[in-house]
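Peer 1: I'd like to ask you about the structure that follows.
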Amino acid sequence: MYDLIIVGGGPAGSAAGRIAGRAGLKTLLLEKEIFPRYKPCGGALSDHAISHFDFEFPDELIEKELYGARICFRDRVIERYKDYRIAVTITRSKLDNFLLSKAQESGIEILQGEKVISISNEDDYVQVKTKNSSYESRFVIIATGSQGTLKNIVRRKDSKKEYGVCIVTEVEEENERIDNYIRDSIEMRFGVAGMGYGWIFPHDNYYSVGIGGLASLLSDPNSAMREYLEDNGFKEKYRFNGHVIPCGGYKRKITDQRILLSGDAAGFVDAFSGEGLAYAIRSGQIAAEVISETLHTGNKDLTHLREYEKRCDLEFGEHLKYSLVFAKMMHNFPEISFKIFTSEEAIIDRFLEVAAFRLTYKEYLKWLIFNFRPGWLLKNISRKA
């Protein structure tokens, strides 16, 4: 009998595992893949996400340091920089492998290549079955990302307006040419995908290029991706990798008796930018902290588990809710909204503070309304929603 079984070895699962191991919990982490493995992702890791680690983040994982962004809509382009680092670019396979090794340092047991096929709540434990075996645990954290169906043990399936579809590829290029094209920043182009954007992120000798949009609006993502690549001068044939991400800000059930959801599985993703790594790491940590407290206090009626939802809501719940408000404001009225968004350098400058987690979406929206009077947009959004 384990104290905790974690399903999924990505950032949320690894973060939970490290906390659980350091708290002395008998913990098993089950990962269906063998690390390192390829993971489709733009590969931007915010300094805010890095701040949650209790260890030094290694320089060798950092490919580019990001201080700004180039925001494009139609023929409008604004590029702004901060005097502090906002994020870094990393290769997800390397990041995830490193974080899993940091979890293993805490003494937990890790089984790779072990796919979970079912999870069920019993009277006073949870049964976890894989293709190879069966395990029992006092508690389970599902940290499988947005793919798969295990999360639906706890919460309902998202509708097409509640998740996005992303297509990403890697375009090889020399670092000198990358720096000449875009240095110390990322490029985001709006108006190319349904309620989403296209991106070009600089890495070490390659670009991460992709598009992401709401599933209900992006009917043919592969065609949209091919068009986006061609429009940006990428003429070769590239291998596409797709994945889905939830839109944060919607109310979702994230606990069920002894099972907790973390990261993308819980829907913890910025609805406008698609940022999910910071929320994955922190929610995994909070889940393990709450489970540790529950075990150590001997709270048999499980009421203490409600603390998980409360703490997540307190730390980033409101921020994600307003990210959804902002996303709807921008994408329901794109021609007007993005013209406003790209009309003033100050608007982008302040948005970079949101990306750096120095300003909340709620504070940003208040600033916009006070300075640029787009209140009528918010009124129309609430009617349409």
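Peer 1: Regarding the chain, what whole-number volume in Å³ per residue does the convex hull of its Cα atoms give? Show your work: numbers first, answer last.
Peer 2: Details: hull volume 52.7 nm³, N = 385.
Output value, Cα hull per residue: 137 Å³.
Peer 1: State the antiparallel share, in %, of DSSP beta bridges confined to the chain, rounding to the nearest 5.
Peer 2: Details: 48 of 70 bridges.
Expressed as a percentage, antiparallel bridges in the chain total about 70.
Peer 1: For a 28 Å ceiling on Cα separation, which of these pairs sit above it: Lys94/Lys115; Lys26/Lys102; Lys26/Lys115; Lys26/Lys251; Lys235/Lys328?
Peer 2: Values: Lys94/Lys115 21 Å; Lys26/Lys102 16 Å; Lys26/Lys115 20 Å; Lys26/Lys251 32 Å; Lys235/Lys328 33 Å.
In this structure, Lys26/Lys251; Lys235/Lys328 lie more than 28 Å apart at Cα.
Peer 1: Can you give the local net charge around Lys339? Use residues other than it whose beta-carbon is closer than 13 angstrom to its beta-carbon, Lys and Arg +1, Asp and Glu -1.
Peer 2: Working: positive: Arg74, Arg76; negative: Asp75, Glu335, Glu344.
Here the count lands on -1.
Peer 1: Suppose we take every Cα in the range 127-283 and form the convex hull; what volume per residue is that in Å³?
Peer 2: 143
Peer 1: Further question: Can you grab the distance from the C-alpha centre of the range 302-374 to the C-alpha centre of the range 40-73, Å, no decimals?
Peer 2: Distance between centres, Cα-based: 20 Å.
Peer 1: Starting with the highest mean, order 140-150, 247-257, 227-237 by the number of other Cβ atoms within 10 Å, averaged over the residues of each peptide.
Peer 2: By packing density, highest mean first, the sequence is 140-150, 247-257, 227-237.
Peer 1: From largest accessible area down, sort His296, His304; use a 1.4 Å probe on the protein chains.
Peer 2: His296, His304
Peer 1: Show me the helices of the chain, taken as full DSSP H stretches, that run 27 Å or more along their long axis by Cα and average -0.5 or above in Kyte-Doolittle hydropathy. Please list the in-between numbers first.
Peer 2: Working: long enough: 277-297 (30 Å, 0.46).
Helices meeting the span and hydropathy rule in the chain are 277-297.
Peer 1: Further question on the same structure: All other residues with a Cβ under 14 Å from the Cβ of Asp96 taken together, and with Lys, Arg as +1 and Asp, Glu as -1, what is their net charge? Before the final figure, lay out each step's value.
Peer 2: Details: positive: Arg18, Lys32, Arg37, Lys39, Arg92, Lys94, Lys102; negative: Glu31, Glu33, Asp264.
Neighbourhood net charge equals +4.
Peer 1: Turning to a different aspect of this structure: Kindly rank 274-285, 126-137, 180-191, 38-49 from highest to lowest mean number of other beta carbons found within 10 Å of each residue.
Peer 2: 274-285, 38-49, 180-191, 126-137
Peer 1: Output the pairs from Lys160/Lys366; Lys39/Lys64; Lys151/Lys310 with a Cα-Cα distance over 24 Å in this structure; if there are none, say none. List each step's numbers first, then the result.
Peer 2: Details: Lys160/Lys366 29 Å; Lys39/Lys64 18 Å; Lys151/Lys310 19 Å.
Exceeds cut-off: Lys160/Lys366.
The values are calculated or read from the model by the stated rules, or taken from the named source; none is laboratory data. These numbers were taken from a predicted model, which means no experiment stands behind them. Cβ atoms come from the backbone with ideal geometry, glycine included; neighbour counts cover every protein chain shown. Side chains are part of the model used for accessible areas, which takes the heavy atoms of the whole protein and leaves out ligands, DNA and RNA. Shrake-Rupley method; radii C 1.70, N 1.55, O 1.52, S 1.80 Å.
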